[in-house]
Amino acid sequence: MTTMVAPAPIAVALDGADIGTVCTWASAVNGIVSTVKVGLEAYLRDGAEGVQRVRAAAPQCQLFLDLKLHDIPATVAGACRSVAHLAPDILTVHASGGPEMVKAAVDALPDTRIAAVTVLTSLNQAMLAQIGFSSSPLDAVVRLATIAVQAGATALVCSPQEVAQVRAAVGSQVALITPGVRPAGVGSDDQQRIATPEQALADGADLLVIGRPITAAVSPAQAAAEIAANLR
């Protein structure tokens, strides 16, 4: 009797140079991970057709459309409606757009999990101060997370360094998505606030966003499977 292994709680970031590469990666991790993530690079280049091709390449995975919408509420609501036909399982907006903007996204796509991005993992304390944030990354993340959840967001994006405190602030019903996740021994690239997959899950993350440690590997399928095995 064969034992079925559940897909790992990983969203593979498909940031490739062309749709063929993106779909190859998606197919490679299908069934190994729970989610594939299409971001701005791929969406702006390949559009809705590209998203549909990713879905076809990874039919066992959820679709995470990572557009990080940030505009006035009416515009964000319209943008959400414009991707409704793609039926994304997760769609990101920026929490810093304010509660009315987050609510507009939630109302426009009631069947999609709206994930509010708190503070990008590429920003550190010095960078936040440079753009006018007087608080620490942790304080800014928790404040934005609380506001977004009160506005109806059912998921949050934060770095693994803040996930435990965010979990304590918003409770168990909100899904926490953590980019900046890097296996031990892998370089940080342009990420600033990072942790290992095992540490992020232990601290309360529900979904780990991992890109280059998987997609830049000689065998993305093997790299994803090794990370998944370590999480089990």
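Key figures for this structure:
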read-out	value
Looking only at segment 168-181, and only at residues there that are closer than 19 Å to SER34 by Cβ and surrounded by 14 or more Cβ atoms within 10 Å (Cβ to Cβ), the one that is modelled with the lowest pLDDT	GLY180
Total residues in segment 197-232, condition of a type in the set (Val, Ile, Thr) and closer than 19 Å to ALA6 by Cβ	4
Those residues of segment 53-75 which are in a loop (DSSP other than H, G, I, E, B) and closer than 20 Å to THR118 by Cα, in sequence order	HIS70, ASP71, ILE72
Subset tally (residues that are at pLDDT 95 or above, outside any strand (DSSP E or B) and over 14 Å from VAL170 (Cβ atoms)) for segment 100-138	12
Residues being buried (at least 22 other Cβ atoms within 10 Å of the Cβ), touching a strand residue (DSSP E or B) at 6+ places or on another chain (Cβ under 8 Å) and not charged (D, E, K, R) - total across segment 1-44	16
Single condition GLY152 does not satisfy, out of (1) crowded, with 16+ Cβ neighbours inside 10 Å; (2) in a helix (DSSP H, G or I)	(2)
So ALA140, is it in contact with a helix residue (DSSP H, G or I) (Cβ under 8 Å, 6 or more places away or on another chain), under 20 Å from VAL38 (Cβ atoms) and surrounded by fewer than 23 Cβ atoms within 10 Å (Cβ to Cβ)	no
All positions within segment 111-129 that are under 17 Å from VAL166 (Cα atoms) and in contact with a helix residue (DSSP H, G or I) (Cβ under 7 Å, 6 or more places away or on another chain)	ILE114, ALA116, VAL117, THR118, VAL119
Residue match in segment 202-212 (condition: without any contact (Cβ under 8 Å) to a residue 24 or more places away in the chain, over 19 Å from LEU65 (Cα atoms) and of a type outside the set (Asp, Glu))	yes
Exclusive hit being touching a Phe, Trp or Tyr at 6+ places or on another chain (Cβ under 7 Å) and either in contact (Cβ under 8 Å) with a residue 24 or more places away in the chain or not small (Gly, Ala, Ser) (or both), set LEU91, LEU67	LEU67
Odd one out for GLY132 among (1) surrounded by 15 or more Cβ atoms within 10 Å (Cβ to Cβ); (2) on the phi > 0 side of the Ramachandran plot	(1)
Only one of ALA42, ALA6 that is free of Cβ contacts under 8 Å to residues at least 60 places away in the same chain and in a helix (DSSP H, G or I)	ALA42
Residue list for segment 16-35, restricted to those being under 14 Å from ILE214 (Cα atoms), in a helix (DSSP H, G or I) and among the β-branched types (Val, Ile, Thr)	THR21, VAL22, THR24, VAL29
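The values are calculated or read from the model by the stated rules, or taken from the named source; none is laboratory data. This is a predicted model, so every value here is computed, not measured. Note that we place each Cβ from the backbone using ideal geometry, even for glycine, and neighbour counts take in every protein chain shown.
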